[in-house]
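Notes follow once the structure below has been shown.
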Amino acid sequence: MAIVQVKFRPSAASGREGTLYYQIIHSRVVRQVGSGMRLSSDKWDVSSGAVLDDRVAAAVSADLNRFSFIIKRLENRGAAYTSADVAEGFRQFSSHNTVFKLICRSIDRLRRQGRMRTAETYSATLNNLFKFCDGVDMPIDRLTSDFMEEYEGWNRSRGNSSNTVSFYNRILRAVYNRAVDDGIIESTNPFRRVYTGVDKTIKRALPIDALRRIKTLDLSDSPTLMYARDMFLLSFMLRGMSFVDMAFLKKTDLRCGYIEYRRRKTGQLMTVRWIDAMQTILDRYPPNSSCYLLPIIRRSGLNERCAYRNTAYNINRSLKTIARMAGIEVPLTMYVARHSWASVARSKGVPVSVISEGMGHDSESTTQIYLSSLNTSVIDKANKMIVALL
């Protein structure tokens, strides 16, 4: 079996860093492979042949694990191999299976599947990671637990919330697990010490009286604000339909008094009854010349995804003004309509299972995240009743 050793070559120039390289020995034939890492002489223990810099040592450990993985695969083939085969396997891995490239492959795959929103979240993670790494890519097996802890700490130092930190960590975990499933690497569980959960967020649901205040505002002098309010209320009426699903509803999706569509996030088939209040809102706007039902993407054939994002941005900006006019302190966005439908339904005694089905959630646990921001006064009243029984 091949043996791999870590070697250090000091610089000939005084005060400059030396280079780390790997020596592969198999059948008494020696090959060398550069690590791409530099190290000062005082960070190299000559007697033990060990790296004294923690970050570099972690990268070296990842490289040695990769060598072990490559050698194991060569051994399992049962055919003769050389030290040159080990070296070439290492080089090929380093150039093709990098973190940035694997994320980009995931983005391309998601776009081909039509999962554009998910592709955008992967792109956001790539941009964030690119900043942390100063644009320097690395092989996927250098995604160690130490690296992930540093990455999480960097994100928190920039003021990112726990949910934002978890968002980036979970996408990296998905890319890493894909590499494991594809047989590119063996899992070392580098995410075991970083946060990948979901914290309770600030209250984003509105009670029914706040929704009524929004509905009864006189916005006749501002078509822009009226349009934003109409889209917000329409989302609420459509059982908290996400704005991206609203934007891409087609005229052919409305048949016999029902809208039938697939959620762009999950592909789940949804059916919603089209009621008079929805039609009243739609009748306020000129017929859409595109294939889409609602006045959001008004022209087919252009960059429809860009049109949707621009409209969402303008609506959310207008909703901030509407919130001030209605005396609402919750940061008002289109997403609040989705939370509000779930919370109002729950306050009226609708079972969680029904709410989950109505919103197109994969599980009731997802619905509970929406409902976790219900006004605590409901719980307080229940507690008062229970205490009174003592």
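The values are calculated or read from the model by the stated rules, or taken from the named source; none is laboratory data. If you're wondering where the values come from, they're calculated on a predicted model, not measured in any experiment. Methodologically, a virtual Cβ is constructed for each residue, glycine included, from the backbone with ideal geometry; neighbour enumeration extends over all protein chains shown. Only protein heavy atoms, including side chains, enter the accessible area calculation; ligands, DNA and RNA are left aside. Shrake-Rupley method; radii C 1.70, N 1.55, O 1.52, S 1.80 Å.
Could you order peptides 5-16, 128-139 by the average number of other Cβ atoms within 10 Å of their residues, highest first?
128-139, 5-16
Of A205, N163, M231, which is farthest along the charge dipole of the chain in the positive direction, counting Lys and Arg as +1 and Asp and Glu as -1 at C-beta?
The residue sitting farthest along the positive end of the dipole is M231.
Could you tell me how far the Cα centroid of region 79-103 sits from the Cα centroid of region 1-73, in Å?
One Cα centre to the other: 16 Å.
Tell me the angle of helix 162-181 to the major Cα principal axis of the chain, expressed in degrees between 0 and 90 and rounded to the nearest ten.
Here the helix axis deviates by roughly 50 degrees.
Roughly what angle does helix 145-157 make with the longest principal axis of the chain, taking Cα atoms, 0 to 90 degrees, to the nearest 10?
That works out to roughly 40 degrees.
Please state the charge dipole magnitude for the chain, taken about the Cα centre, from unit charges on C-beta atoms (+1 on K and R, -1 on D and E), reported in debye and rounded to the nearest 20.
On the way: 58 positive and 37 negative charges, 186 e Å.
Rounded to the nearest 20 debye, it is 900 debye.
Under the rule a/c < 1.5 gives rounded, and otherwise a/b versus b/c splits prolate from oblate, where does region 255-363 land using the Cα gyration tensor? Please list the in-between numbers first.
Numbers: a/c = 1.60, a/b = 1.13, b/c = 1.41.
Judged from the Cα gyration tensor, region 255-363 comes out oblate (a/c at least 1.5, b/c at or above a/b).
Comparing M246, M334, M278, which has the greatest mean-square fluctuation in the GNM of the chain with Cα pairs linked when under 10 Å apart?
M278
With +1 on the Cβ of every Lys and Arg and -1 on the Cβ of every Asp and Glu, and nothing else charged, how large is the dipole of region 259-301 about its Cα centre, in debye rounded to the nearest 20?
For this selection, approximately 300 debye.
Identify which of the listed values of volume of the Cα convex hull per residue in Å³ was calculated from the structure shown: [x] 172; [y] 241; [z] 227.
Evaluating volume of the Cα convex hull per residue in Å³ on these atoms matches [y].
Along the charge dipole of the chain, Cβ charges K/R +1 and D/E -1, which of V56, H339, Y308 sits furthest on the positive end?
Y308
Averaged per residue, what accessible area in Å² does the chain show with a 1.4 Å probe, protein chains only?
55
Would region 157-234 count as rounded, prolate or oblate if I go by the C-alpha gyration tensor, calling it rounded below 1.5 in a/c and otherwise prolate when a/b exceeds b/c, oblate otherwise? Before the final figure, lay out the partial values.
Values: a/c = 3.98, a/b = 2.86, b/c = 1.39.
Prolate, because a/c is 1.5 or more and a/b exceeds b/c.
Within the accessible area of region 1-143, what % is carbon and sulfur when the probe is 1.4 Å and the other protein chains stay in place?
On the way: 3880 of 7890 Å².
That share works out to 49 percent.
In region 187-334, carbon and sulfur make up what percent of the accessible area (probe 1.4 Å)?
Carbon plus sulfur share of accessible area: 53 percent.
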